[in-house]
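Enquirer: Please find one structure pasted underneath; my questions will follow.
The values are calculated or read from the model by the stated rules, or taken from the named source; none is laboratory data. These numbers come from a predicted model, not from an experiment. Because the Cβ atoms are built from the backbone with ideal geometry, glycine has one as well, and the counts that use them run over all protein chains shown.
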Amino acid sequence: MFVLGIETSCDETAAAIVKDGREVLSNIVYSQVEIHTSFGGVVPEIASRKHVEKISYAVEAALNQANMEIDKIDAIAATYGPGLVGSLLVGLSFAKALSYAKKIPFVAVNHIEGHIYANFITYPELKPPLVVLVVSGGHTNLIVLEDFDKYEVVGKTRDDAAGEAFDKIARYLGLGYPGGPAIDRVSKFGDEEKYKYPVAAVEGYNFSFSGLKSAVINHVHTLKQKKENFKVEDIAASFQKAVVDTLVEKTVKLSLETNIKRVAIAGGVAANSKLREKLVERCTQHQIELYVPDFKYCTDNAAMVASAGYFRLVKGQTSSYSINAIPYIGLVSKKE
């Protein structure tokens, strides 16, 4: 089954064609990072306008790269949320119109769920059950994936997502946008033990990063007021350590308590080198198998959307054209 995936939830216009949910035949991404960098973050109106300009080119490029005609496509999958409403509407509307015009089945995909399926692209033989940590700019979730399209959300952030905290601290430190890669880069030259930043103790497997973010900002403000010398690299490294430590500890704990000795990570922050390093260390210590997607499938892309769509389609699930973009939809437990 050949699925055309379309992803426009934020500032990447992406289209991809995936065979049988795991084999990527094409993966096109038009990034807007350079455009939004000067603003210090994504400007929703600009993002949606750029999607309008690029969406047809992205789909055409995906078909050309896969050496396929649209009539050979078995289904079209598109992100319907969460994300920026204007951006979501561009990709979703394009997908529904193409589906209707060509009489091709259509399936709407939750963006967070799509990130999970990036693992099944990188590891074609991988199967559930899995413990999955989804960590991105807008979301931080711990999930027990019992089967394809069947999972339980065990934990989530109570306030800021990890990636959002990275972006805000990077902006405050003058490291630019996007914040995650910037902090990851400069932290390599800092001392992560220099400062001990607190992370809120939240019940169960939930997370909270708002207090950590405020603690770092207040600390830097105090250092500046006292005219004390400090290195941005040390601040960044210490902040990153605090985030990574809590993510890793709760993920490993869930794996051990459920006796699911297979852990996968997903989302933009899954590209963070310190997170990968610490997870390898802790999973090796406890004899847990670790699955990490290729870097190109960690950030927003349409291949993961096509993969998630495929696993819904093989169960006979399609979507109505009446479905609308839902910018604030979360990930809720899905039981068969």
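Enquirer: Are any residues in the range 316-329 closer than 17 Å to ILE76 by Cβ and surrounded by fewer than 24 Cβ atoms within 10 Å (Cβ to Cβ), and if so, which ones?
Expert: To start, the set of residues in the range 316-329 that are closer than 17 Å to ILE76 by Cβ comprises 316-325.
Hits for the range 316-329 are GLY316, GLN317, THR318, SER319, SER320, TYR321, SER322, ILE323, ASN324.
Enquirer: Considering only the range 146-154, I want to know if a residue exists there that is crowded, with 21+ Cβ neighbours inside 10 Å and either modelled with pLDDT under 90 or in the same structural domain as LEU254 (by TED's automatic domain parsing) (or both). Outline the logic, then answer.
Expert: Restricting attention to the range 146-154, the residues satisfying the condition of being crowded, with 21+ Cβ neighbours inside 10 Å are 151.
Filter once more, so that each one left must be either modelled with pLDDT under 90 or in the same structural domain as LEU254 (by TED's automatic domain parsing) (or both): 151.
Yes, the range 146-154 contains a residue that is crowded, with 21+ Cβ neighbours inside 10 Å and either modelled with pLDDT under 90 or in the same structural domain as LEU254 (by TED's automatic domain parsing) (or both).
Enquirer: Name every residue in the range 66-85 that is crowded, with 16+ Cβ neighbours inside 10 Å and touching a Leu at 6+ places or on another chain (Cβ under 9 Å), in order of residue number.
Expert: ALA66, MET68, ILE73, ALA75, ILE76, ALA77, ALA78, THR79, TYR80, GLY81, PRO82
Enquirer: Any residue at all in the range 242-258 that is buried (at least 22 other Cβ atoms within 10 Å of the Cβ), modelled with pLDDT of 95 or more, touching a Phe, Trp or Tyr at 6+ places or on another chain (Cβ under 9 Å) and of a type in the set (Ser, Thr, Tyr)?
Expert: So far as the range 242-258 goes, yes, one or more of its residues are buried (at least 22 other Cβ atoms within 10 Å of the Cβ), modelled with pLDDT of 95 or more, touching a Phe, Trp or Tyr at 6+ places or on another chain (Cβ under 9 Å) and of a type in the set (Ser, Thr, Tyr).
Enquirer: Being among the hydrophobic types (A, V, I, L, M, F, W, C) and at pLDDT 95 or above, is that true of even one residue in the range 20-27? Give the derivation first.
Expert: The first filter runs over the range 20-27 and keeps only residues among the hydrophobic types (A, V, I, L, M, F, W, C), leaving 24-25.
Narrowing the set further to residues that are at pLDDT 95 or above leaves 24-25.
Checked the range 20-27: at least one residue is among the hydrophobic types (A, V, I, L, M, F, W, C) and at pLDDT 95 or above.
Enquirer: Out of VAL305, VAL332, VAL280, VAL263, which single residue is surrounded by fewer than 21 Cβ atoms within 10 Å (Cβ to Cβ), aliphatic (A, V, I, L, M) and farther than 21 Å from PRO181 by Cβ?
Expert: Numbers: VAL305 fails: surrounded by fewer than 21 Cβ atoms within 10 Å (Cβ to Cβ); VAL280 fails: farther than 21 Å from PRO181 by Cβ; VAL263 fails: surrounded by fewer than 21 Cβ atoms within 10 Å (Cβ to Cβ).
When all the criteria are applied, what remains is VAL332.
Enquirer: Within the range 212-237, which residues are under 19 Å from ALA165 (Cα atoms) and either loosely packed, with under 11 Cβ neighbours inside 10 Å or of a type in the set (Gly, Ala, Ser) (or both)?
Expert: SER214, ALA215, ASN218, ALA236, ALA237
Enquirer: Considering only the range 155-191, how many residues are surrounded by fewer than 19 Cβ atoms within 10 Å (Cβ to Cβ), in contact with a Phe, Trp or Tyr (Cβ under 9 Å, 6 or more places away or on another chain) and within 14 Å of ILE235 (Cα to Cα)?
Expert: 1
Enquirer: Let me ask something else about it. Of all residues in the range 91-109, which are part of a helix (DSSP H, G or I), more than 19 Å from the chain's Cα centre (by Cα) and surrounded by 24 or more Cβ atoms within 10 Å (Cβ to Cβ)?
Expert: ALA95
Enquirer: When you look at SER31, is it modelled with pLDDT under 95 and within 18 Å of the chain's Cα centre (by Cα), yes or no? Even if it seems obvious, please write down each step before you answer.
Expert: Numbers: modelled with pLDDT under 95: yes; within 18 Å of the chain's Cα centre (by Cα): yes.
Yes.
Enquirer: Also, quick follow-up: Of the residues that make up the range 200-207, is at least one in the same structural domain as GLY268 (by TED's automatic domain parsing), of a type in the set (Ser, Thr, Tyr), surrounded by 15 or more Cβ atoms within 10 Å (Cβ to Cβ) and touching an Asp or Glu at 6+ places or on another chain (Cβ under 8 Å)?
Expert: Of the residues in the range 200-207, the ones in the same structural domain as GLY268 (by TED's automatic domain parsing) are 200-207.
Checking which are of a type in the set (Ser, Thr, Tyr) leaves us with 205.
Within this subset, residues satisfying the condition of being surrounded by 15 or more Cβ atoms within 10 Å (Cβ to Cβ) are 205.
Those left that are additionally touching an Asp or Glu at 6+ places or on another chain (Cβ under 8 Å): none.
Within the range 200-207, not a single residue is in the same structural domain as GLY268 (by TED's automatic domain parsing), of a type in the set (Ser, Thr, Tyr), surrounded by 15 or more Cβ atoms within 10 Å (Cβ to Cβ) and touching an Asp or Glu at 6+ places or on another chain (Cβ under 8 Å).
Enquirer: Exactly one of these conditions fails for ASP159: (1) modelled with pLDDT of 95 or more; (2) within 23 Å of CYS298 (Cα to Cα). Give me its number.
Expert: Condition (1) is where ASP159 drops out.
Enquirer: When you scan the range 143-157, do you find a residue that is closer than 21 Å to GLU7 by Cβ and either among the aliphatic types (A, V, I, L, M) or within 15 Å of the chain's Cα centre (by Cα) (or both), even just one? Reasoning before the result, please.
Expert: To start, the set of residues in the range 143-157 that are closer than 21 Å to GLU7 by Cβ comprises 143, 145, 148-149, 151.
Okay, now just the ones that are also either among the aliphatic types (A, V, I, L, M) or within 15 Å of the chain's Cα centre (by Cα) (or both), so 143, 145.
Yes - at least one qualifying residue is present in the range 143-157.
Enquirer: Residue check: is LYS253 under 22 Å from LYS213 (Cβ atoms) and not hydrophobic (A, V, I, L, M, F, W, C)?
Expert: Values: under 22 Å from LYS213 (Cβ atoms): no; not hydrophobic (A, V, I, L, M, F, W, C): yes.
So LYS253 fails the test.
Enquirer: Considering only residues that are aliphatic (A, V, I, L, M) and closer than 11 Å to THR8 by Cβ, which ones fall in the range 74-84? First the steps, then the outcome.
Expert: So in the range 74-84, the residues aliphatic (A, V, I, L, M) come out as 75-78, 84.
Once the filter is applied, which keeps residues that are aliphatic (A, V, I, L, M) and closer than 11 Å to THR8 by Cβ, the range 74-84 yields ALA78, LEU84.
Enquirer: If I filter the range 127-145 for residues that are assigned to a strand (DSSP E or B), touching a residue at least 24 places away in the same chain (Cβ under 8 Å) and touching a Pro at 6+ places or on another chain (Cβ under 9 Å), do I get at least one hit?
Expert: Keep residues of the range 127-145 that are assigned to a strand (DSSP E or B), which gives 130-135, 140-145.
Then keep just the ones that are touching a residue at least 24 places away in the same chain (Cβ under 8 Å); that gives 130-135, 140-145.
Filter once more, keeping what is touching a Pro at 6+ places or on another chain (Cβ under 9 Å): 144-145.
Checked against the condition, which is being assigned to a strand (DSSP E or B), touching a residue at least 24 places away in the same chain (Cβ under 8 Å) and touching a Pro at 6+ places or on another chain (Cβ under 9 Å), the range 127-145 yields at least one hit.
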